[in-house]
Every structure is written in structure tokens, then in C-alpha cells.
Number of protein chains: 2
Amino acid sequence: MGMTIEKILNPESIAIIGASRNPNKVGSAILKNIRLSYRGKIFVVNPFADEIQGIKSYKSITNIKDKIDIAVISIPADKVLKALKDCEKKKVGAAIIISAGFKEIGKAGEKRETELKSFLKSSKIRVIGPNCLGVINMDPMANMTFVDPNTKIFKGSTAFISQSGALLSAIVDDASANDIGFSKIISVGNAVDIDEADLIDYLREDEKTKSIVLYLEGLVNGEKFLRSLKEATKKKPVIILKGGRSNKTSSAVMSHTGSLAGDYKAYELAFEEAGAITVSNVDDLFNFMRDAAKFEIKTDEVVVVTNAGGGGVITSDHINEQGLKMAQIGDKTVIDLSKILPAESNLHNPIDMLGDAPPDRYKDTLEVVSELNKPTIVIFSPQEMSMPMETAKVIYDTHLNKPNLPLFSVFLGGTNVEKARRFLVERGLPTYEYPNEAVDIISGLYFYYSHRFPTYNRYKKEKAKTVPFKSKVNSFGMNAKLVFDKIGIKTVTGMTISKENELKKAAEKIGYPCVLKISSHTVAHKNKIGGVVTEIKDYTELEKAFKSLNQIIKDEKLADAKLELYADATNGKKNTIEILLGGHRDPVFGPMIALGIGGVYANEINEVEFALPQISDQKIEELSDTKVGKLIISAGGNQMLDEFIGYIIRLGKFMEENKNVKDIDLNPVIISGNDAVAVDFKIFVE
Amino acid sequence: MGMTIEKILNPESIAIIGASRNPNKVGSAILKNIRLSYRGKIFVVNPFADEIQGIKSYKSITNIKDKIDIAVISIPADKVLKALKDCEKKKVGAAIIISAGFKEIGKAGEKRETELKSFLKSSKIRVIGPNCLGVINMDPMANMTFVDPNTKIFKGSTAFISQSGALLSAIVDDASANDIGFSKIISVGNAVDIDEADLIDYLREDEKTKSIVLYLEGLVNGEKFLRSLKEATKKKPVIILKGGRSNKTSSAVMSHTGSLAGDYKAYELAFEEAGAITVSNVDDLFNFMRDAAKFEIKTDEVVVVTNAGGGGVITSDHINEQGLKMAQIGDKTVIDLSKILPAESNLHNPIDMLGDAPPDRYKDTLEVVSELNKPTIVIFSPQEMSMPMETAKVIYDTHLNKPNLPLFSVFLGGTNVEKARRFLVERGLPTYEYPNEAVDIISGLYFYYSHRFPTYNRYKKEKAKTVPFKSKVNSFGMNAKLVFDKIGIKTVTGMTISKENELKKAAEKIGYPCVLKISSHTVAHKNKIGGVVTEIKDYTELEKAFKSLNQIIKDEKLADAKLELYADATNGKKNTIEILLGGHRDPVFGPMIALGIGGVYANEINEVEFALPQISDQKIEELSDTKVGKLIISAGGNQMLDEFIGYIIRLGKFMEENKNVKDIDLNPVIISGNDAVAVDFKIFVE
């Protein structure tokens, strides 16, 4: 696929099928863009014209004698398939289908798209689109889109892939004003053939691309995308804006875990897991587009140097709010600073050089703090006598002397500092108007550099038996318990009671108080039908419960129902903590394992961590810093958290093995001292 | 105070004490700014000059014959007091002290500031500053600051008050490029006399000010500020950026509630309670500065009209993430839209008019949806053949026809739409580059318009006895229990055991299982010394516990210690929920009442709602939408939440009455069915 994409981006000849004489038509803008940008051979196909924009027009691509590398197709949707077949005849390697009128317009279009796909299955021709804006290569230049030919586009090192054509053209239109250049710009449209994963694979190896930015609304093949994404982040930063984050969880979800998961959660997890940086605003994208590939950030400790107390204060706020840390300034550095800064300065982070700081004071201070080799934010606030341009030059010199120091500048203010800001931006130094921009970049890049090489040692090492699960119905109670026992998750003692005469023996084994429950694969929520009797203190109470539950089974006509007797796991135990353990199969990304606050708190407090198997060592380590992780540690120590980590790994392996399992609820798992035991268990199937 | 501030902003004559010939000095920039902006009489005081910038210089202000309204003082700090005394002699009404060198520079400056304050106490002269940038009135114009005289400043309707001079000059410098104009700009500096509250009082009544924006780092008199803020928000939007939000809770905090409260929490609560809009970035401020006073937003349902699917998607995301709603489009509107929009359009919210939407389609669609009278975001994305300027004109016409419709435009893109965006901005229509900007404004204004008239009916109505609390030591156990019993918070049955022979009788009253505890005002955390024995099942166990706890009292030398016997509130109860109820006295804003998840979950899960007494009806209503509120409702219904609301009100009244109470912990309060009972109680004093 890489060769094909290379050919699309760098063709020796292009045929524009549907080039148009009418300047109001897409086919006219495409031809104009290609002519203005492209140095190879251009052919024009339009059966109703003899020449367009001064170029000879062919009735059909098959009439052209020369070799054609790729075709750009912009004709009515119902004629696209015929044109593609002509391309195949002509041995054209690939096509960019601009034409709309497919899946996106409803039924008629869906049929067309299915036909297109089935043709592509048996054809050698590869396709980008349909319903896309086209493709731009900036070096060598080839603009094969219908973006406004007047749009200024700079050459740079960011590749941009977008599922929305409108957003792509808006972002490209705004990029030059934001000093952003591109290596490649690709509108994927409906992606019937070449998809986002293929493009990421290609861009990963593209030496002109230093960072990859994506706008996504959805994915068809989550696993393929994730594989490509994981490989790409090993080589360069990938930044993703996901549109459609709103939670529209279907009301049909029966499991706790499923209802806690939501729609966007799996995307977010998957992107994080693959080491991609996620943003949520279009404007957040711009700074990453421009600056993501400039520095490696390998620590979360940030140094702030400022000539304005207020600037230092708000920068510290952002640093803390983004989960970064203000770097501790050691004694040696403080002493060094004390020699060069006035008495009223703050020698600790944020280092306040005072409002009258001349460029030399910036220079001396940066010289000292650059020794710390930590991401450094230099703030300049225009004040009386301050010299923005000279200060910018001093900052640039610092960068030249220490090119690997992650040095970020913030020039607060407008016209007074505009030139200084431009001076630095033009020299490639990350420079912003507001402190939060610098902090966001550092935070995103720190995430990237600390997550791009995930390891899976613990996941692989964890001993987990293969536990096949073949049931075609939901599995609750003892049936499910036996599965979890095999997986190695501790469950409460229990047994099935078939006849009344088994009751006494069972109760003697289990002890009092005990709990009697109805189990039926058609009843997910037993409490709703009164199917649970708790705190049974003696045999008299047990007999009574046995009778009343049997009556319910009769009344509710539960053919498969059984009664099950369980020990009371909380009996005589104080300060127990209830945890939710679960699994959910996301339609795009597959299994997600959940660890959260459980029991009566699960629904309302909604404090859950999710992980995608395989679960990385990094994710596991980070669990102990989450609220749920801390809760488990506070109840049973690090050892207890480790036990739960074993559980989520084994649940992950179980769901990876058994694709029919849709959801799992173990809620609650009760922690009491050094013991954790699941007292309710459910497995839902597809 | 209002008259004085009016005089400062609109003086008939100004004396600049410390006007300077040296263009590098602050005193030179101030004089230049005043001369360039001000039409009244200008006098210059500088003992070392005969004339400055062509104006005669006096040795002392007392030498001037004319009446002087205000003095702007920019001389070394140690000469300020003498100059002020001269001003008093000369009957100058007020002074702006620019000079730095006070509290902000440490000890020497603190002494100077104390002297200044003590002089002001007995003087009639009123002061802004010291250590400030000065004051600007835009109409009539008077720039009495040392901001760079080249800075462009527009006249507008926003008043800006800043505690940071550097941030103020940066924001003012950047404002003109953001199309922001000001009515007044005030740098408060150390605010030794006229403070933020006084200024807010003045600006509230100022007809040229339509919105007030503040940058604050801290406040001395929280109650005074809050009173002024509450009055101001009744008249106009107030927007606050608080610097210094990081949590530096002192490790000395002993109570749960106190450690959960944190530093910024009280500020945030106070601002919200007063109906102010809070923002956390400087760049967020700009849109509010420009647009906060333009529309009233009285519903959280937003209509989105777009020519780009992607634009609609990301706008919906922001709307949901900001807690707003996508408005439901009723049948009538859908039918009306179906008549004017192409077949493939989306007639539901977000209304997608398709990429080829010409200006007329915008016009027709806006005509239909403007009938809904809901905040409307119109998105324009530059696409083939789209006409930005004509579309902008159509949007403006819609505004002219329906001036009260909250109409927000987003023109995605750069150069292609720049002129259209400017066309609308210049005509005062809120117009942005990115959808999240429009959503943030709507969200902030919706908060404002739904919170600016808080009522306190429930708080006032709640019957609460006056419960004086005179203790000078912390109060735990039965001592505290008796207080809460009086307040009307249900507590677990308990009694003090003075001698061994009381034990049996007490146990008979309380029943088994029971709990025996050591109570001493020097021991806040009994568990740490083993001072609690739970699950005592019979008299033998009770006697044993009695002996062992008495031994601990001896060993730990707890002179005041007593033993207390309590019922076991969780005995035989399933699905209990543990709630934390508490109080904390913030040094700036006074009492804050807490309602959160309690017991073993309190520390790690940290899910707490705080409220400042008096607690408004709005705040009470919103409680049921919080996680804690939902948890309580799920456990005991709306009635139970109502009971807790009664508790927090009564705790609020108790803390308002008893200023010596520093913190209160009732943790946990156990909900079981229809019953809620506090089982541990602590009152901490200052």
C-alpha cells in the first residue's frame, strides 16, 4: 500500500476526469490547483469539451496514449464506477474520487458505495475517497484538491489527515496565518479503500513528515487503526482531534460496566494506549501542528522564568492544572541566581526577574537555568523600558547555545511584542501569546514521550489459564461464578440448591448468616423481582426464604431458574470497600476492562478506570495514582492493588479469547482487610 | 466612596508629583499619557526641575494656587508619605500612588505600608495603590498610567480591574487587536485604601460600563468583596480570572473537611455564589471582555446552523461538554425547514444546510430558527463557491430583524473569511474563529443569567435553634454529639461511662453489638492510638474493652479522657451509604459547608460539594444534580436529600453564629433506608 500512496502523492502524470470549463464547478478548481502547483504531465478528460483551460480534452481516459499514474475523478456519482473501470483498462494505478453522492447521502448512495467497494475488491486500482476534498503533497508540490486556489499554503513538516473536508479546508485556510506548514494534506472522505491506518503507515516512514495530525469522527476497523497508530508513535508525534465525543450510550446496555463506558471512552483509551496526543478544540490543534516535532520532553518538571509576577502565577496555575510540576530549584542554582538577580527577585520557581528586567538579565538567568535541562517557559510582559525584540534575540541565542533544551517563550501583549514574537516563530522557536498554550504543548509532549514505547511485560507474564466460554445465553450466579473461579478471581462461597432436602446440608457448609438468590439467565437484576433474601440467620428463616423464592419463580414463570445459597461476605466485617470489576466489548476497539468504585456507589459516583488489553506496564503503574487505585491501596495496601491488577489482566485475556462475551460485571468485589471477594457475577453475551 | 472614585476618574485638575524629565522614568510616561489624553488642568511637581515637557514645575504641591482634584504620585517610596501629607494640606481629595517599594518588597516595605495605612485612617484623602500602574478613564479620556504611550486603546463598555500591573499592561496592549474597548481600566496595586469592592460598587452604577472584568490574586476582606460582587451582578455581568489556583493546603489542617476544601475552592464558590462568571485563561477573558454585555441567555438549549457537517459535530461536542444542551427542533420547525433546505440536509439540530449553502439558504434557515428564540450558533466554513461576505451580511440582517435573538457566528478558516468576520465584529455581533469560543460565551452567560438573582427562602425558613458553642478546645465524642443533637442532626445513641459500675446499665440501654471509644479533646484520630473497640457482642467483651481502653488512657497520659459507649449503627443493615457532612472556615470567605461521599471513601474519592452560607435556593436545587446528591437520592429518595439540605443549612447557621468554630466533621453519617445517623462527630476550634 505504501508504494501506491507514494504514487498518489508523487505521480508522474495525472488525468483529471471531470475537469470543467465552468469556473463554478469543482472540476475547474481541481484543474486550476493542479496546474498552479504540479510539474508533471496533466491530462484532461471531459467528453463534452475539446479543451479546458487551454489543455486538450479527451472523451475518455482510454483514449490517452501516454501512461497515466493516477486519476482525479470529479463527475456525478452515478458515473464514477464506469470511469474507474476505464481507469483499470488504462492500467491507472490509483484514483482520488472527489465526487460526493455515496454513503453520506443515505440509501441511494449506500447502494452505490457497496457497488464501488465490491468492484475494488477484485480490482488492482486503489482509491482515496469518495466524497473527499482531495490530496496535497507539498514537496514535490501537487495540489489535487478543490480548496480555494487563492489559499496560501506553506511547506512544513506536519501531515494532516481529515475525515471532514469542510474542516480541512477551514484549517488549511487558517494555517498560514498561524505559521503552520504542511508536508501532506489528505482528505479521506468515505475511505472505502485506502484508510486512515494505511495513510499513517505511509506517513510514519515519510521523512518529510515530522508529526501527524488527524481529525477523526469514527473508525470502521479499530484494531487495524490502533496497530498502525502504535507503530507511528514510536517514530513521531501523532495528534488526534476526535469529533463526536458526546455520550449517546444506547439504553439497551444491560451491564453496569457497559453503561459506564460510553461512546468516546474507547476512542480516548485507544489513542492514549497508542501514545497519541488527544486534543479537544480546533485551536488546540494549531500549536501542535506547528510545534509538536520541535523538542523532546522527558520530564514533567517545568521551569518558569518571568519578568511579571502575575504571569508567573497564572503559568504555575496551568502547570498544576495540567498535572505537570513546578521544578524544584536546587541550592546551587539559587545561589547562582542570587549573584545575577536583584535583591527583590524570586529565586525560586517561578523565577521572577522583576518588571525592569533588561535583555541581559534574561540572558544571565537563562544561562543558569538552562543547566537544569528541564522544559523552560520564558515569559515576557511588556513593561516600562522593557525591550521585546532584544529579549527575543537573547532567547534565540540561548536556543542556539543549547539547541536541545525545550525552550518555550510567551510574549504577553499585542502590538508592543508582535515583532518579537514573529522573530522567534520565524526561527522555529515555540512562542505563544498566552502561558496556557506553552503549558498545553509541554503537557501533550510529555505524555507522548512517556507513553510512546509501552511495554507489556506484566500482561504477558500474568499466569492465566485459557478459559473457554461457549454459552450462548447470559450467565449469572453459580454458572458465572464457576467461570471466574477458573480465571482465578476469588468469589464468595456458594452452591446451587436443587431440592429442598439439600438445603440443610448446604447451610451447614456455608454457615449463617447466608444469602439465598434466584438465578436465571433471563433476569439480570434479581432485586427488581425480589429475588434475593439476605441476612438469613437460621434454618427457619432459610426454609421461609426457600418457599417464597420458589413462589416467585412460579409467578414469574422462570423456566430455567435455580436457587443459589451464598455466604454473607460482609458479615462481621467493618470498613469494607466495594469495588466494581468489569468488562465491555466496544464495537470498534474490542474489549475494555473496568476497575471502579462499586456497590451502591457505582452508578452515581461513576469513578472508573478503563484499560484496553493488552494492558501496558505504564497503564498499570498509573493505576496507583488514580482515585480507584488509591482507594484499593488505602483498604488493602499495594498488595491488594496488585491482586486487582492480576484480575483485570485475566479478565482482559478472557475477553480476548472469548469474542462472544459482550460484558462482564463483578460488582461488588468486597475488600475487607487482606481479603477481596466478588459477591455478584454476571457475563453477558452478544 | 463613589464620589471619590468619580473624582479620580474624572478630575478637573491633576498634579503629577514626580513627573520626570528623564524619558526612561515612569514619571515621564505618566505625564506624557496624561498630556496626550486629558483636557483638564495639568500641574507638575518636581523640586529638581523648573519645567518638564514644557509645563512649569512646582517645588511642592502646596505651592500651587489652583484647586487640585487629584494627585498622581510617582516618587521613591520613602518620600510618598510626606507627599501625601502635602496633598492633605492642599486639600487634594485623592491620590493615585504609582510608587512601588511597599508590602511587595518584604519587611522594609511592609513597615512603610503600615505607616501609610495608619496615616490614611485619620486622613480625608483617599488613595488608589501604591505599587500600581495607574488608572484610565476612556470617556472623558484621562490616561493616568505609565503604560507605553504608543499603546492603542479603544473606547468601549468593559471596565477592567487588575491586581497585576504587568498582566494589565499586556492585556490592554493586546485588546485593540481583539476589538476590545474599555470604559475604565484600573490597576489596584496593594489596595491599601480604595479596594476592589469599592471599585465594583462604583462601576455597578457607572452607565458607561456594561460589564466588569477582574484579575485577582487574593483578597483581604472576602465578605466585603462578596457583598459588592452580589450587588454588581444584579446589574451587569462580572467576569473573574483568579490567579493562584494551585492547592497549597497547609498540612496543619486536622479535619477531613478542611483538607478537602483547598485554597481556591472558597474563591470559586464565592464567585459562583455571587453570580460572577469565572474563567481560567487570559485568552478566555478576551471574548467575555468583548461580548459579555451583548445578549441575555436565558436557556441552556442551543441551536446550531452549519454548512459543514464536521463543524456541527465539534460544536455539539463542546455544547455537551459545557453542560449545555442541543435544542430539540420541534415538528413545525422541521417541516418549515424541509420546505427550504435540499433533500440531503439535516433538519435536526445541528441543522446542516450542506456545503454549497448560498447566502439565501442561510437567510431562510435563520428566519425559521430565529422563531425558536434560543441562543443560535451559525457556522460558516469556506467551501467551493461559498460566499463569506454575503453570508455575513445575511447574518447581520437577521440580527437587525431580531435584535434580541442571541446570535453567535463562527467563521471557520483564515484569509478567506477574515473580512466577513471583521464585518460582523465591527457591527458588534459576537463572531469567532472556533466553535468552542461561541459555546464558552453562551455557557458563561447562561450561568450568569440563571444565577444573578439568588434567593435564600429555604435558608431563611429552615428552623434552627441558636446553639451557642463557647468551648475553647476541640470537641469530640459526646461533647460534640450533644451540640449536634441540639442543632437537630440525628446522631447515634451513646453515653459517657464514668465508672465501671455504670457499664452494665449503659450496655442494657444501648444494646449489643456496641462500640466503646476513648474521648479526649487532645485526640482527633482515636484509631491511631487504638482508642476504639467495635463489635462488642456481650458483657464479657465489653468488660475486656473497658479495661484495655483504660490502660491506653493511662499509658498515653490523657488527663481529660473519658470512655463513651455507642450503639452500632450499621448492625444488621445492608446497602448502607456513608456520607460526609462538615464545615470549614475559610480565612477569606468564612464558613463553607461540605456534603460529600464519606467514611472510608472520603479521602481517596474526594467527591464533595461545598456551599457558602447563606445557601441559595439555586444552589440547593443544583445539589440534586451532583454526584453526591444523586447518591443520597438513590439511597433514601428526595426526602433524604431534603433532610441533608436541612443539615447543611443548620450547620451553616451554627458556623455563622459561632466564629470560634474552625472545622466540623460528621463522618460518616450512615444512610440506611429511610434513616440517616451520624456516628462520628468532631468540632475543631480556632
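The values are calculated or read from the model by the stated rules, or taken from the named source; none is laboratory data. Please read all numbers here as calculations on a predicted model, not as lab measurements. Every residue, glycine among them, receives a Cβ derived from its backbone with ideal geometry; neighbour counts consider all protein chains shown. Surface accessibility is based on the protein's heavy atoms, side chains included, excluding ligands, DNA and RNA. Shrake-Rupley method; radii C 1.70, N 1.55, O 1.52, S 1.80 Å.
Sum up the charges of everything whose Cβ sits under 12 Å from the Cβ of B:Glu104, counting Lys and Arg as +1 and Asp and Glu as -1, but leave B:Glu104 out. It would help to have the intermediate numbers written out before the result.
Numbers: positive: B:Lys103, B:Lys107, B:Arg112; negative: A:Glu344, A:Asp352, B:Glu110, B:Glu113, B:Glu217.
Cβ neighbours under 12 Å give a net charge of -2.
When Lys and Arg each count +1 and Asp and Glu each count -1, what net charge do the other residues less than 12 Å away from A:Lys224, Cβ to Cβ, add up to? If you can, show how the numbers build up before the last one.
On the way: positive: A:Arg227, A:Lys230; negative: A:Asp195, A:Glu196, A:Asp198, A:Asp201, A:Glu223, A:Glu231.
For residues surrounding A:Lys224, the net value is -4.
Quick check: from the Cα gyration tensor, does the stretch A:172-302 come out rounded (a/c under 1.5), prolate or oblate? Numbers along the way, then the final one.
On the way: a/c = 1.72, a/b = 1.52, b/c = 1.13.
Here the stretch A:172-302 falls in the prolate category.
Over 21 Å between Cα atoms: which of A:Lys490/A:Lys653; A:Lys32/A:Lys124; B:Lys486/B:Lys682; B:Lys460/B:Lys682; A:Lys230/A:Lys630 fall into that group? Please report the intermediate quantities before stating the final value.
On the way: A:Lys490/A:Lys653 17 Å; A:Lys32/A:Lys124 29 Å; B:Lys486/B:Lys682 15 Å; B:Lys460/B:Lys682 26 Å; A:Lys230/A:Lys630 29 Å.
Too far apart for the 21 Å limit: A:Lys32/A:Lys124; B:Lys460/B:Lys682; A:Lys230/A:Lys630.
Mind putting a number on the dipole of the stretch A:258-337 about its Cα centre? Charges go on the C-beta only, +1 for Lys and Arg and -1 for Asp and Glu, and I need it in Debye to the nearest 20.
Magnitude of the dipole: close to 180 debye.
Which aspartates and glutamates, if any, have their Cα less than 14 Å from the Cα of B:Lys499, not counting same-chain residues under 8 positions apart?
Correct list for B:Lys499: B:Glu543, B:Glu564.
If one takes the longest principal axis of the Cα atoms in chain A, at what angle in degrees, from 0 to 90 and to the nearest 10, does the Cα axis of helix A:359-370 lie?
Roughly 40 degrees, rounded to the nearest 10.
Only four residue types carry charge here, +1 at the Cβ of Lys and Arg and -1 at the Cβ of Asp and Glu. Report the dipole size of the protein assembly as shown about the Cα centre in Debye, rounded to the nearest 20. Can you show the working numbers first?
Values: 182 positive and 180 negative charges, 14 e Å.
That gives the protein assembly as shown a dipole magnitude of about 60 debye.
Pull out the extension gain between A:Asp675 and A:Lys402, defined as 0.36 nm times the separation in residues minus the alpha carbon to alpha carbon distance; nm, one decimal.
Numbers: separation 273, 0.36 × 273 = 98.28 nm, distance 5.42 nm.
Difference between extended and current length: 92.9 nm.
With contacts defined as alpha carbon pairs under 8 Å and 6 or more residues apart, what's the relative contact order of the stretch B:323-459 in percent? Before the final figure, lay out the partial values.
Working: 158 pairs, mean separation 26.2, N = 137.
Rounded, it is 19 percent for the stretch B:323-459.
Rounded to the nearest 10 degrees, what's the angle between the helix A:26-37 long axis and the longest principal axis of chain A, both from Cα atoms, 0 to 90?
Once rounded, one gets 60 degrees.
Along the Cα→Cβ direction, 7 angstrom out, place labels at A:Glu541 and A:Arg21. What is the inter-label distance in nm?
Output for this residue pair reads 9.4 nm.
Checking the a/c ratio against 1.5 first, then a/b against b/c, what shape does the Cα gyration tensor give for chain A?
Details: a/c = 3.14, a/b = 1.32, b/c = 2.37.
Since a/c reaches 1.5 but b/c is at least a/b, the shape of chain A is classed as oblate.
Using a label point 7 Å beyond Cα on the Cα-Cβ vector, give me the inter-copy distances for B:Gln639 in nanometres, one decimal, shortest first.
Those separations, rounded to one decimal, come out as 4.6 nm.
Select from B:Leu405, B:Asn436, B:Ser370 the residue farthest towards the positive end of the dipole of the stretch B:329-445; place +1 on Cβ of Lys and Arg, -1 on Cβ of Asp and Glu, and compute about the Cα centre.
In the stretch B:329-445, that residue is B:Leu405.
Within the accessible area of the stretch A:432-474, what % is carbon and sulfur when the probe is 1.4 Å and the other protein chains stay in place? Mind dumping the intermediate values first?
Working: 1210 of 2250 Å².
Roughly 54 percent, rounded to a whole number.
Of A:Cys132, A:Leu203, A:Asn178, which is farthest towards the positive pole of chain A's charge dipole, taken about the Cα centre with +1 and -1 on the beta-carbons of Lys, Arg and Asp, Glu respectively?
It is A:Cys132.
Excluding same-chain residues fewer than 8 positions from B:Lys56, which aspartates and glutamates have a Cα within less than 20 Å of its Cα?
Result set, ordered by chain and number: B:Glu12, B:Asp66, B:Asp69, B:Asp86.
For the pair A:Asp66/A:Arg427, report the inter-label distance in nm, with labels modelled 7 Å from Cα in the Cβ direction.
So the label points at A:Asp66 and A:Arg427 sit 4.6 nm apart.
Would you mind checking the pairs B:Lys155/B:Lys210; A:Lys79/A:Lys117; B:Lys210/B:Lys419; A:Lys298/A:Lys332; A:Lys627/B:Lys265 and listing those with alpha carbons more than 24 angstrom apart?
Numbers: B:Lys155/B:Lys210 12 Å; A:Lys79/A:Lys117 15 Å; B:Lys210/B:Lys419 27 Å; A:Lys298/A:Lys332 22 Å; A:Lys627/B:Lys265 19 Å.
Those over the limit are B:Lys210/B:Lys419.
If R0 is 22 Å, what FRET efficiency do you get for B:Asp617 and B:Val334 from their C-beta distance, rounded to 0.05? Spell out each step's value before the answer.
Working: r = 37 Å, r/R0 = 1.67.
That pair, B:Asp617 with B:Val334, gives E of 0.05.
Report for the protein assembly as shown the percent antiparallel among DSSP-assigned beta bridges with both residues inside it, nearest 5. Working shown, then result.
Working: 108 of 216 bridges.
If we restrict to bridges inside the protein assembly as shown, about 50 percent are antiparallel.
Hey, if we sort B:Lys208, B:Lys82 by accessible area with the 1.4 Å probe, largest down, what's the order? Walk me through the numbers before you get to the answer.
Working: B:Lys208 95, B:Lys82 125 Å².
From most accessible down to least: B:Lys82, B:Lys208.
May I ask which residue of B:Gly637, B:Gly652, B:Ser624 lies farthest towards the positive end of the charge dipole of the stretch B:621-669, with charges of +1 (Lys, Arg) and -1 (Asp, Glu) on Cβ and the Cα centre as origin?
B:Gly652
Just how far, in whole angstrom, is the stretch B:104-170 from the stretch B:388-439 if you go by their alpha carbon centroids?
Computed from Cα coordinates, the inter-centre distance equals 36 Å.
Output needed for the protein assembly as shown: three equivalent-ellipsoid semi-axes, defined as square roots of 5 times the C-alpha gyration tensor eigenvalues, in descending order, whole Å.
On the way: eigenvalues 585, 524, 156 Å².
In descending order, the three semi-axes are 54, 51, 28 Å.
I need the inter-copy label distances for A:Lys79: point set 7 Å along Cα to C-beta, values in nm with one decimal, smallest first.
Nearest first, the other copies' label points are 8.7 nm away.
When the label point is put 7 Å from the Cα of A:Glu556 along its Cα-to-beta-carbon vector, which residues of the stretch A:501-526 have a backbone N closer than 18 Å?
Flagged as within label range: A:515-526.
For chain A, take the longest principal axis of its alpha carbons; what is the angle in degrees between that and the long axis of helix A:282-291, to the nearest 10 within 0 to 90?
60
How large is the dipole of the stretch B:374-523 about the Cα centre if only Lys and Arg carry +1 and Asp and Glu carry -1, each at its Cβ, rounded to the nearest 20 debye? Don't skip to the answer; put the middle values down first.
On the way: 23 positive and 13 negative charges, 311 e Å.
Dipole magnitude for the stretch B:374-523 comes out near 1500 debye.
Shape verdict for the stretch B:22-100, please, from the Cα gyration tensor: rounded (a/c under 1.5), prolate (a/b greater than b/c) or oblate.
Working: a/c = 1.39, a/b = 1.16, b/c = 1.20.
Cα axes put the stretch B:22-100 in the rounded bin.
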